[in-house]
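Undergrad: Take a look at the following structure, please.
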Amino acid sequence: MTTKDTTKEEVAVKAPKVAKTAARYIEAVGRRKTSSARVRITESTKGGVTVNDKDVVTYFPTADLQNIVAEAIEKSKVAGKFTITVKVVGGGIHSQAEALRHGLSRAIVKFDEETRKRLKKLGFLKRDPRMKERRKFGLKKARK
């Protein structure tokens, strides 16, 4: 094995160019039952919520589900400050709405720690761990 003599010019490494991004985002994960929501909030004045590349009104058709999603924004008093992008998988549509609320609440708390007390009191920072029990061998259902 041979060693190579290095000069100071060869040792110096060029610093990589870092692209300046217009806006940084805060990411959080929200879960409920078997649903999981990856939430990204970006500071901007135009606002809006996009769920799985669809508008929130299109993805969650009922007013009840839309209210569940909007609760975290309204109660933390940050309406209109963020553009929100969400990727939701698993579970039912109601469970997905509550997972989105959980993830959104966590992201808002990362942005502004003072909102934690208010959101925790409302129960938006609590994960619902209930899931369907697995089927055991020799039985027809989980317990039968």
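Every number here is computed from the coordinates shown, using simple stated rules; none is lab data. What you are looking at is a predicted structure, and each value in this text was computed from that prediction instead of being measured. When we count neighbours, we look across all protein chains shown, and the Cβ atoms used for this are built from the backbone with ideal geometry, even at glycine.
Undergrad: Less than 11 Å Cβ to Cβ from Arg116, Lys/Arg counted +1 and Asp/Glu -1: what total charge do the surrounding residues give? Working shown, then result.
TA: Details: positive: Arg106, Lys110, Lys117, Arg118, Lys120, Lys121; negative: Asp112, Glu113, Glu114.
So the surrounding residues net to +3.
Undergrad: Using the Cβ atoms and a cut-off under 12 Å, what net charge is assigned to the surroundings of Ile84, where Lys and Arg are +1 and Asp and Glu are -1? Don't skip to the answer; put the middle values down first.
TA: Working: positive: Arg38, Arg40, Lys46, Lys81, Lys87, Arg101; negative: Glu27, Glu43, Asp55.
Net charge around Ile84: +3.
Undergrad: Please give the net charge around Thr50, taking every other residue with its beta carbon less than 13 angstrom from that of Thr50, where Lys and Arg add +1 and Asp and Glu add -1.
TA: Numbers: positive: Arg38, Arg40, Lys46, Lys54, Lys87; negative: Asp53, Asp55.
Here the charged neighbours net out to +3.
Undergrad: Determine ³J(HN,Hα), in whole Hz, for all residues of segment 64-69 in sequence, where each value follows from phi through the Karplus function 6.51 cos²θ - 1.76 cosθ + 1.60 and θ = phi - 60°; x replaces Gly and Pro.
TA: Computed from phi, the couplings for segment 64-69 are 4, 5, 5, 5, 4, 5 Hz.
Undergrad: Give the separation of the Cα centroids, segment 116-138 to segment 48-92, in Å.
TA: 19
Undergrad: Further question on the same structure: Show me the ranking of peptides 64-74, 29-39, 114-124 by mean Cβ neighbours inside 10 Å, starting with the highest. It would help to have the intermediate numbers written out before the result.
TA: On the way: 64-74: 17.4, 29-39: 21.4, 114-124: 14.6.
Top to bottom by mean Cβ count within 10 Å: 29-39, 64-74, 114-124.
Undergrad: Which links in Lys75/Lys136; Lys33/Lys81; Lys54/Lys140; Lys87/Lys140 stretch past 31 Å when you go from one Cα to the other? Walk me through the intermediate numbers first.
TA: Working: Lys75/Lys136 43 Å; Lys33/Lys81 29 Å; Lys54/Lys140 39 Å; Lys87/Lys140 35 Å.
Going by Cα-Cα distance, Lys75/Lys136; Lys54/Lys140; Lys87/Lys140 fall outside the 31 Å limit.
Undergrad: Using only alpha carbons, build the gyration tensor for segment 19-100 and give me the equivalent ellipsoid semi-axes, biggest first, whole Å. Working shown, then result.
TA: Numbers: eigenvalues 91, 43, 25 Å².
Square roots of five times the eigenvalues give 21, 15, 11 Å.
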